[in-house]
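The values are calculated or read from the model by the stated rules, or taken from the named source; none is laboratory data. These numbers come from a predicted model, not from an experiment. All Cβ positions, even for glycine, are placed from backbone atoms using ideal geometry, and neighbour counts span all protein chains on display.
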Amino acid sequence: MNIQGQSAIVTGGGSGLGEAVARELARQGAKVAVLDVNAAGAQRVAADVRGIACTCDITDTASVTAALDAAQGAHGVPRIVMNIAGIGTAKRVIGKDGQPAPLEDFERVIRVNLIGTYNVIRLAAARIATLEPLEDGERGVMLCTASVAAFDGQVGQEAYSASKGGIVGMTLPLARDLAQWGVRVVTVAPGLFMTPLMKQLPSAVQDSLAASIPFPKRLGKPEEFASLAVHIVTNTHLNGEVIRLDGALRMAPR
């Protein structure tokens, strides 16, 4: 797909990896709607990329529908859907006090990362299916964001790993399901990246994490994630695949 002039939405676009993707899409000529629960972040990025900001809770159907309506009204039905919004948490099954982890914590991560991603996909796909096909019969492309934790989950990452493993598991079925409509689905599983959350850690911790990466021995740059994301959009033969972007990192148990 040629990015120039296409309508795109980016969930989690108000910071981190999502912000980098929104900026790169705009740089390549896309008309971008920045979706985020953080209204201020979405507005800041949207202003910079001359797009629109949509305060959006991806777990809420009405909220996603309103955001899609706004994006469609401003730029047309989004052919490019970047699912990057997500949350992370770590909690052992049995705490130091001997008590089991609260089920609500597990449910929240699954709801945001896995169910939220599926919610955006199902609602956006129904709109994309109404569009006229482009070259190769393509109507749209969707990116999902997993994590190396889907494969190498660490101690306490049960909820996060399960949510990202679910995204990995549904990638191929989604691609097969939406093939009849000319919609591609590809997932990226990033490793350790310099996100706002990572920047809050002490520099010694950042250095230690970077040293665990075989090569290059540094944290990933959000721009590198964005570069892969836009390549997926432009490479029509990429479909139904999960791509690790991690410098050959394999996470240790803890």
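Does His231 satisfy the criteria of being in a loop (DSSP other than H, G, I, E, B) and more than 18 Å from Ala150 (Cβ to Cβ)?
Taking the combined requirement at face value, the residue does not satisfy it.
List the strands (runs of 3 or more DSSP E) inside segment 31-119, counting only whole elements, that have at least 2 residues being among the aromatic types (Phe, Trp, Tyr) and within 18 Å of Gly18 (Cβ to Cβ). Once the strands (runs of 3 or more DSSP E) in segment 31-119 are filtered for at least 2 residues that are among the aromatic types (Phe, Trp, Tyr) and within 18 Å of Gly18 (Cβ to Cβ), nothing remains.
Looking across segment 102-161, the residues that are acidic (Asp, Glu), touching a Ser or Thr at 6+ places or on another chain (Cβ under 9 Å) and closer than 20 Å to Thr236 by Cβ come down to Glu135, Asp136, Glu138.
If you go through segment 191-215 one residue at a time, how many are surrounded by fewer than 16 Cβ atoms within 10 Å (Cβ to Cβ), touching a residue at least 12 places away in the same chain (Cβ under 8 Å) and either among the aromatic types (Phe, Trp, Tyr) or more than 16 Å from Val148 (Cβ to Cβ) (or both)? Adding up the residues that qualify gives 2. Only a single criterion out of (1) assigned to a loop (DSSP other than H, G, I, E, B); (2) more than 30 Å from Gln180 (Cβ to Cβ); (3) of a type outside the set (D, E, K, R) is not satisfied by Val205, namely (1).
Is at least one residue of segment 221-238 among the charged types (D, E, K, R) and modelled with pLDDT under 95? No: zero hits. The set of residues in segment 189-244 being polar (S, T, N, Q) and more than 23 Å from Leu114 (Cα to Cα) consists of Gln200, Ser203, Gln206, Ser208, Ser212, Ser227, Thr234, Asn235, Thr236.
For (1) touching a residue at least 40 places away in the same chain (Cβ under 8 Å); (2) touching a Cys at 6+ places or on another chain (Cβ under 8 Å); (3) surrounded by fewer than 16 Cβ atoms within 10 Å (Cβ to Cβ), each residue gets a yes or a no:
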| position | (1), (2), (3) |
| --- | --- |
| Thr65 | yes, no, yes |
| Ala71 | yes, yes, no |
| His75 | yes, no, no |
| Pro78 | yes, no, no |
| Asp97 | no, no, yes |
| Pro102 | no, no, yes |
| Asn113 | yes, no, no |
| Gly116 | yes, no, no |
| Leu123 | yes, no, no |
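Which of the residues spanning segment 150-159 are crowded, with 22+ Cβ neighbours inside 10 Å and either at pLDDT below 95 or in contact with a strand residue (DSSP E or B) (Cβ under 7 Å, 6 or more places away or on another chain) (or both)? Passing the criteria: Ala150, Gln157.
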